[in-house]
Structures are given as structure tokens and as C-alpha cells.
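The values are calculated or read from the model by the stated rules, or taken from the named source; none is laboratory data. Since the structure is predicted, the reported quantities are computational estimates derived from the model, not experimental observations. Cβ placement follows ideal geometry from the backbone for every residue including glycine, while neighbour counts extend to all protein chains displayed. Note: accessible area is taken over every heavy atom of the protein model, side chains too, but ligands, DNA and RNA are not part of it. Shrake-Rupley method; radii C 1.70, N 1.55, O 1.52, S 1.80 Å.
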Amino acid sequence: MEQNTRQKLIDATYEEVYSHGYQGAALADILANAGVHKGSMYHFFPNKKEMALSAIKEKIAERFGTRYLAIAKGEGDYLAHFFEGLRDLKQRDFRRGCPVANIVQEMSNIDEDFNVAMKEIYAKFRQSVKIIFDKAVSVGELRSCDTAKLALFTTSTLEGAILSAKASGDAQDYLDCVECLISYIESYTHE
């Protein structure tokens, strides 16, 4: 029961922050959406900020685990699975954009705790993509290359593609960027 209440708070906080930003997230709405009273929130979190930081870290770690680390734990076809995930529009919400980028843009310059948390999350994102590329190199899907730089380029391109689609309201902008990115990555599959 206690874990269920905490999870409801995490889920509701993440959705509220993702939809309205941290500063626009209303504690009353979070509690109403979670179906939890304020006193119960204080049992788990000392304040809205700590609840938001926990929600962001946990939900984004879950997304990365499902989206990227699961590919790296597979038994091959790393690039094919990675590209399939990049092309899957159901995995993204272009109306709200990227939760990582949104929080970085809103909070990293005004709150050190958010700054540190978002740097850690973004580093894990890059590391997850690098692991996929390392696995692809190890089985000969990619030729030997600087996978750290390729992961940096890939994650930066993905963030820009998501922002472009959010700004234009057209998911095709994202897909066009992804196809160019995939072509670039594929240039490392042959000598």
C-alpha cells in the first residue's frame, strides 16, 4: 500500500512536470491526480522539489532502461533494434517535447539540484547509446570508431529532432532528422 501511494505520487508528479514544467506544476493538481492527501506526500517527500527530482530521475531512468538498455542487453541486431526504436513515433510525445531537454532548459540555470540531476540523466542517456554502439562494434555491425563521440552526436541530433517536431507541430520533421541520422550512423558500417 505504501509503495503504491509513493508510485502514484511519482507518476502524477512526472506527468504534471512534463506537461507544465516544474515551475508551472501545481502541487494541488499533483495530489488530486495521485488521489493522495498532502500529509501522505510528506510521508515520502519533504517538499515538491524533492518529489519532482525523484519523479524525474525514476521515470526517465525507467524510459532509458526500456528504450535503450534493453537493446544493449539483447543478443545482436543492435543497430536494427536501435533504428526501429528511433523510428517508432509511439515512443515520443512531440506536443510536450523531450522531458530531459524541457527540464534542462527550464531549471538547470536557476537551481543547482536540478542542474546536477539533469547532467546525470543526460550522461546516462549518452552512455546508454554508447553501450549500444559498443555492442554493435563488438559483433561487427559497426566498424571500430569513437563510440563516445558518435553517441554525443546521436543524442544531440535526437534532442534537436524532437525540439524541431515540437516547434513545428509536425512529427515528419523528427522522422526526417532521424533518417539522416541513421544514414550517418550507417556510414560506420562499412570501410
**Study point:** Failed item in (1) in a helix (DSSP H, G or I); (2) open to solvent by less than 50 Å² (accessible area, probe 1.4 Å), with Asp93 passing the rest
**Key:** (1)
Practice item. Would you point out which residue out of Gly140, Gly160 is open to solvent by less than 50 Å² (accessible area, probe 1.4 Å) and out of contact with any strand residue (DSSP E or B) (no Cβ under 7 Å at 6 or more places or on another chain)? Key: Gly160
Review point. Within the stretch 170-190, is there a residue that is open to solvent by less than 50 Å² (accessible area, probe 1.4 Å), aliphatic (A, V, I, L, M), at pLDDT 95 or above and not in a helix (DSSP H, G or I)?
Key: no
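Would it be correct to say that Ile71 is β-branched (Val, Ile, Thr) and in contact (Cβ under 8 Å) with a residue 24 or more places away in the chain?
yes
For (1) in a helix (DSSP H, G or I); (2) under 26 Å from Thr154 (Cβ atoms); (3) open to solvent by less than 60 Å² (accessible area, probe 1.4 Å), each residue gets a yes or a no:
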site	(1), (2), (3)
Gln3	yes, no, no
Glu16	yes, no, yes
Gly76	no, yes, yes
Glu84	yes, yes, no
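Just the residues that are polar (S, T, N, Q) and within 20 Å of Arg96 (Cα to Cα), please, taken from the stretch 17-53.
Quick first cut of the stretch 17-53, residues polar (S, T, N, Q) only: 19, 23, 33, 40, 47.
Selection gives Ser19, Gln23, Asn33.
Just to be sure, is Gly97 closer than 19 Å to Ile162 by Cα and small (Gly, Ala, Ser)? It would help to see each step written out before you state the result.
Working: closer than 19 Å to Ile162 by Cα: yes; small (Gly, Ala, Ser): yes.
Against the criterion (closer than 19 Å to Ile162 by Cα and small (Gly, Ala, Ser)), Gly97 qualifies.
So in the stretch 18-34, with the set limited to residues that are in contact (Cβ under 8 Å) with a residue 60 or more places away in the chain and of a type in the set (S, T, N, Q), which one is surrounded by the most Cβ atoms within 10 Å (Cβ to Cβ)? If you could, list the steps in order and put the result at the bottom.
We begin by selecting, within the stretch 18-34, every residue in contact (Cβ under 8 Å) with a residue 60 or more places away in the chain; these are 18-19, 21-23.
Narrowing further to those that are of a type in the set (S, T, N, Q): 19, 23.
Values: Ser19: 15, Gln23: 10.
Within the stretch 18-34, the match that is surrounded by the most Cβ atoms within 10 Å (Cβ to Cβ) is Ser19.
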Study note, to complete from the structure: Of the conditions (1) surrounded by 14 or more Cβ atoms within 10 Å (Cβ to Cβ); (2) closer than 30 Å to Leu27 by Cβ, the single one that Asn109 does not satisfy is (1)
Study note, to complete from the structure: Restricting the stretch 135-151 to residues that are among the β-branched types (Val, Ile, Thr) and assigned to a helix (DSSP H, G or I), the one farthest from the chain's Cα centre (by Cα) turns out to be Val137
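Filter the stretch 44-57 down to the residues that are in contact (Cβ under 8 Å) with a residue 12 or more places away in the chain and open to solvent by 40 Å² or more (accessible area, probe 1.4 Å) and list them by number.
Within the stretch 44-57, the subset in contact (Cβ under 8 Å) with a residue 12 or more places away in the chain is 44-45, 48-49, 51-57.
Phe44, Lys48, Lys49, Lys57, listed by residue number.
So is Asn115 part of a helix (DSSP H, G or I), among the polar types (S, T, N, Q), modelled with pLDDT under 90 and open to solvent by less than 70 Å² (accessible area, probe 1.4 Å) or not?
On the way: part of a helix (DSSP H, G or I): yes; among the polar types (S, T, N, Q): yes; modelled with pLDDT under 90: no; open to solvent by less than 70 Å² (accessible area, probe 1.4 Å): yes.
No.
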Practice item. Output the residues belonging to the stretch 129-146 that are within 25 Å of Pro99 (Cβ to Cβ) and among the polar types (S, T, N, Q). Key: none
Review point. Hey, any hits in the stretch 35-42 for a residue that's surrounded by fewer than 16 Cβ atoms within 10 Å (Cβ to Cβ) and under 18 Å from Phe114 (Cα atoms)?
Key: no
Practice item. Considering every residue within the stretch 58-65, establish whether at least one is surrounded by 14 or more Cβ atoms within 10 Å (Cβ to Cβ), in a helix (DSSP H, G or I), among the aromatic types (Phe, Trp, Tyr) and within 20 Å of the chain's Cα centre (by Cα). Key: yes
